[in-house]
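Input: a single structure, listed below in structure tokens.
The values are calculated or read from the model by the stated rules, or taken from the named source; none is laboratory data. Bear in mind that the values here come from a model prediction, so they are computed numbers and not experimental data. Glycine also receives a Cβ, built like all others from the backbone with ideal geometry; neighbour counts cover every protein chain displayed. With ligands, DNA and RNA removed, areas are computed over all heavy atoms of the protein, side chains included. Shrake-Rupley method; radii C 1.70, N 1.55, O 1.52, S 1.80 Å.
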Amino acid sequence: MTAARRKPRYSALALLREGLRGQSGWGPAWRSPEPKRRYDAVIIGGGGHGLSAAYHLAKDHGVTNVLVIEKAWLGGGNTGRNTTIIRSNYFNRESQDLYDASLKLYEGLSRELNYNIMFSQRGSIELAHSAADMEGLRRVVNAMQVSGIESSLLSRDEVLAMVPLLDPSPNTRWPVVGAAIQRRAGVARHDAVAWGYARAADGFGVDIVQSCAVSGFLIQGGRVKGVETPFGLIEADVFGMAVAGASPEMARLAGFKLPLLCMTLQAMVSEPLKPCLNHVVASTPNGAYVSQSDKGELVIGGGLEHVPSFARRGDLRKTAEVLASVVEMFPAFSTLKLMRQWGGTVDTSPDNSPILGPSPVPNLYLNCGWGTGGFKAIPIGGKMLAHLMATGKHHALSAPFGLERFATGRLIDEAHAGVAHD
Amino acid sequence: MTNPGPMICPFCGPRDAGEFRYGGDPKAARPAFGSSDAEWAGYLYVRENARGVAKEYWVHSQGCGQWLIAERDTVTHVIQRISEATA
Ligand SMILES: Cc1cc2nc3c(=O)[nH]c(=O)nc-3n(C[C@H](O)[C@H](O)[C@H](O)COP(=O)(O)OP(=O)(O)OC[C@H]3O[C@@H](n4cnc5c(N)ncnc54)[C@H](O)[C@@H]3O)c2cc1C
Ligand SMILES: [Zn+2]
């Protein structure tokens, strides 16, 4: 049974029909039932990864007696705060396999979920400002090509022709000398990703409860028996946590610690403009990246604020630093007004790679450590968590990302995977 | 970087917060030679990462250069206590 069969389909015809009926026939996209006392599986965290996991539990494994528990509102965490770049240009084979599988899922996601996630594969350009930068990009592009993932280098003339607003002067602090491009990369609508998965999961019968924080675990015989919530204890056979910046806290409640450090990553948008920037453009040396949203706003991001924080607000000094970099790259943007600025608490791991796999508590599984770059991984991260929860075993793609890698020393170092590996 | 507003160096007094840099988690001692891989992993990678008041190393990098230990709230960014880091 597909989600589409259970839910009234969204289509041009439905739009027309509802237009004629005074928009009276749209039902809610998902129910808000009172949670039951017991489920087969409970997922903590209603961000993209938690909702995607619920969807894949139902779709891939037929597990539909599932509850997603969200402390605030769906996608109100990092999923709704991110700059929505989706790409798979990573260096290590393990990362390439994981992120490219995710990119492929994104390519079919609007259709699969019957929900327009507005995935726009406009290409992501990473600038080089020196011969050494160019060598660094060549290294990643070569590694990707060896793995069969599309990526190529651009000459200075090519990149300036594609992005005419870039400052072409050779005399700036960061002159453009070339770039790398992944043409399949792009941006999507963040809320739509969360909402699309929520609607499709609900269509399979998954329960979703919002404004409901997990405040503790009941652990019996070394296993999680249930989670404590405002509705009382909710029991299940298996649990998954996908709570991003709340992961250290959640782990502490379950009695273990994680190799994570939570810090603030901020983003900002300008006033809306007519279309002027057709790609995602990033400069790691300069510490900023920018794309233009469908509404016309420039969506701007930069590097991490390297101070532990759970404040979810960006430091204005960092804002100024990132904007200075953007203006350096695009002098024409200097007169624009900033419309909004915000921050998210990102759970960074020592090797900039996620943690997927069993936790020290046998029936509790982890999906965390995506840090600054897990929006692109929502389809695959949820699929991997679902696989772990349903089978108790790793999928081949998630196997290298287990917690044990920190003891075995088999790290997957992606420390140089982008401005903030956005 | 933390919240704007001055930070108080025990040596220099109130100074612009941008002069200070976060310097890590004041750690438990290095595991003894022959400790297990898990103990080394804990020492190398696992952070306290408290939500609330945390003990942290800071350095007055653009002032006196002194290493400091701050007790700072990671939610409000308010520093409750700051003193010289002693070995
Ligand atoms: C400014 C910024 C820019 C970014 N840009 C990009 C980008 O361009 N590309 C990219 O790929 N990634 C980017 N990221 C990273 C990306 O946003 C995250 O990796 C991703 O959204 C993580 O998804 P998630 O579902 O794991 O977490 P979240 O969306 O944060 O969801 C976790 C959920 O858990 C809930 N929760 C917490 N505690 C509890 C509790 N006790 N009980 C119940 N629920 C709880 C939270 O309320 C939250 O909704 C960016 C992040 C930020 C902050
Ligand atoms: Zn000082």
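Centre-to-centre, using Cα atoms only, segment A:5-40 and segment A:271-304 are separated by 34 Å. Extending 7 Å from Cα along the Cβ direction at residue A:161 and again at residue B:80 yields two label points whose distance is 6.2 nm. Take residue A:370: with every protein chain present and a 1.4 Å probe, its accessible area is about 20 Å².
Near residue A:226, the amide H atoms lying under 5 Å from its own belong to A:218; only residues 5 or more places off or on other chains count, and H is placed 1.01 Å from N. Taking every protein chain into account, the accessible area of segment A:283-332 amounts to 33 square angstrom per residue (probe 1.4 Å). Here is the size of segment A:234-340 from its Cα atoms: Rg then Dmax, 18.1, 57 Å. Between residue A:327 and residue A:60, the distance separating the two model label sites (each 7 Å from Cα on the Cα→Cβ line) works out to 4.7 nm. Of all accessible surface on chain B at a 1.4 Å probe, what whole percent is carbon and sulfur? After summing per-atom areas, the C and S share lands at 51 percent. The mean sequence distance of close C-alpha pairs (under 8 Å, at least 6 residues apart), as a share of the length of chain A, puts its relative contact order at 23 percent. For segment A:380-385, putting each phi into the Karplus relation 6.51 cos²θ - 1.76 cosθ + 1.60 with θ = phi - 60° gives couplings of 7, x, x, 5, 5, 5 Hz, in residue order, rounded to whole numbers and with x for Gly and Pro. Only lysines eight or more places from residue A:7 in sequence, or on another chain, were considered; those with a Cα closer than 30 Å are A:36, A:59, A:71, A:104, A:295, A:376, A:383.
Restricting the chymotrypsin sites (Phe, Trp or Tyr not before Pro) of segment B:1-57 to loop positions (DSSP other than H, G, I, E, B) with no more than 15 neighbouring Cβ atoms within 10 Å leaves B:11, B:33. Note on segment A:192-243: along the principal axes its Cα atoms extend 39, 20, 19 Å, ordered by decreasing extent.
Any idea what log10 I(q)/I(0) is at q = 0.15, 0.28 Å⁻¹ for segment A:360-422, Debye with uniform C-alpha scatterers and no solvent? Relative scattering, expressed as log10 I(q)/I(0), comes to -0.52, -1.35. What whole number of Å gives the distance from the Cα centroid of segment A:158-178 to the Cα centroid of segment A:315-366? For segment A:315-366 versus segment A:158-178, the Cα centre distance is 25 Å. Normalised by 2.2 N^0.38 Å, with N the number of residues, the alpha-carbon radius of gyration of segment A:29-88 equals 1.23. When the P(r) of chain A is calculated, the portion above 37 Å amounts to 23% of the C-alpha pairs.
Taking only the Cα atoms of segment A:51-167, the ratio Rg/Rh comes out at 1.06, with Rh defined as the Kirkwood radius.
Chains A and B: how much accessible area gets covered up at their contact, both sides added, probe 1.4 Å, in Å² to the nearest hundred?
Accessible area lost upon association: around 2200 Å².
Interface residues of segment A:255-270, defined as a loss of at least 30 Å² in heavy-atom accessible area between the chain alone and the complex of all protein chains with a 1.4 Å probe, are A:257, A:259, A:261. Put a dot 7 Å past the Cα of residue A:29, heading toward its Cβ, do the same for residue A:252, and the two dots end up 3.3 nm apart. In segment B:27-66, comparing the full protein assembly with the chain on its own, the residues that lose 40 Å² or more of accessible surface at a 1.4 Å probe are B:45, B:46, B:47, B:48, B:49, B:51.
Short version: what are the Cα gyration tensor semi-axes of segment B:32-87, square root of 5 times each eigenvalue, largest first, in whole Å? Before the final figure, lay out the partial values.
Details: eigenvalues 141, 57, 15 Å².
The three semi-axes for segment B:32-87 are 27, 17, 9 Å.
Here segment A:143-243 is treated as a Stokes sphere of Kirkwood radius computed over C-alpha pairs; at 10 °C and 1.306 mPa s its diffusion coefficient rounds to 82 µm²/s.
Taken per residue, the accessible surface of segment A:1-80 reaches 52 Å², heavy atoms only and a 1.4 Å probe. Kirkwood-type hydrodynamic radius, segment A:290-374: 15.4 Å, calculated from all non-identical alpha-carbon pairs. Just the protein heavy atoms count here, and of the accessible area of segment A:1-90 at 1.4 Å, carbon and sulfur take up 57 percent.
Which loop-located trypsin sites (Lys or Arg not before Pro) does segment A:171-259 contain, where loop means any DSSP state but H, G, I, E or B and the Cβ has at most 12 other Cβ atoms within 10 Å?
Numbers: sites: A:173, A:183, A:184, A:189, A:199, A:223, A:225, A:252, A:257; in loops: A:173, A:183, A:184, A:189, A:257.
Passing sites in segment A:171-259 are A:173.
Look at where the Cα atoms of segment A:94-118 and of segment A:374-411 average out, and the two centres are 17 Å apart. Percent of accessible area on segment A:91-165 owned by carbon and sulfur, 1.4 Å probe? The C+S portion of the solvent-accessible surface of segment A:91-165 is 52 percent. Comparing the full protein assembly with the isolated chain (1.4 Å probe, heavy atoms, ligands and nucleic acids excluded), the residues of segment A:283-322 losing at least 50 square angstrom of accessible area are A:307, A:308, A:310, A:313, A:317. In a fully extended conformation the segment linking residue A:396 and residue A:132 would gain 91.5 nm over its present Cα-Cα distance, using 0.36 nm per residue.
Residues of segment B:6-84: accessible area per residue at 1.4 Å, in Å²?
Numbers: 4550 Å² over 79 residues.
Roughly 58 Å² per residue, with all protein chains present.
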